1. Which is farthest toward the positive dipole end of the stretch 5-130 among G85, A125, M13, measuring Cα position about the Cα centre, with Cβ charges +1 (Lys, Arg) and -1 (Asp, Glu)?
2. Where the only charges are on Cβ atoms (+1 Lys, Arg; -1 Asp, Glu), what is the dipole of the chain about its Cα centre, to the nearest 20 debye?
3. How much length, in nm to one decimal, is gained on full extension between N39 and D71, taken as 0.36 nm per residue of separation minus their Cα-Cα distance?
4. Using a simple spin-label model with points 7 Å from Cα along the Cα→Cβ vector, what separation in nm is obtained for L88 and E32?
5. Given 0.36 nm per residue, what is the gain on full extension from I101 to A51 after removing their alpha carbon distance, in nm?
6. Quick query: amide H of V54 versus all other amide H atoms, modeled in the peptide plane; which residues come in under 5 Å with a sequence gap of 5 or more or a different chain?
7. May I ask you to derive the FRET efficiency for A109 and R134 from their Cβ-Cβ distance with R0 = 35 Å, giving the value to the nearest 0.05?
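We did not get these values from a lab; they are worked out from the coordinates using the rules stated. Because the structure is predicted, anything quoted here is derived from the model rather than measured. Backbone-built Cβ (ideal geometry, glycine too); neighbour counts: all protein chains shown.
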Amino acid sequence: MRLTTFTDYGLRMLMRMASEPERPFSTAELAEEYGLSRNHLAKIVQHLARAGLVETRRGGGGGAILARPADQVRLGEVIALLEEGQPLVECFSADGGDCTINGCCRLKARLRSAERAFMAELNGATLADVALPRMGLAI
């Protein structure tokens, strides 16, 4: 299983935010801290805000903060949100992709089972479980 960079960066941001949940983080600050594109992080923050995982505040002292306590945010929930529209394999897409063995494939059921197990494992942990320590925050 491979996660998109969108999800990777989103998880990093949330882990950092969970380390200091009372403190708002600007996208510029997070971009500099991780050496990432500010525009890319802004898109991720907007996506997380629309889903209700973060709240954003404008102006001085503004930025993004967690909308819920980190111990109430399941990792599988975050990954499902950020990976939405990114099927594990082409044949899992809504239109079934261009698979020529659909209907007789014996791999598809095993992949679905593995994907469910992957998500179940991630849903067994929360953002609080993976929050970065307050000191030495580099990933």
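1. The one lying farthest along the dipole's positive direction is G85.
2. Values: 17 positive and 17 negative charges, 19 e Å.
Magnitude of the dipole: close to 100 debye.
3. Here the answer is 8.7 nm.
4. According to this spin-label approximation, the distance is 4.2 nm.
5. Contour length minus the Cα-Cα distance gives 14.4 nm.
6. Here A49, A67 satisfy the definition.
7. With R0 = 35 Å, the Cβ-Cβ based efficiency is 0.20.
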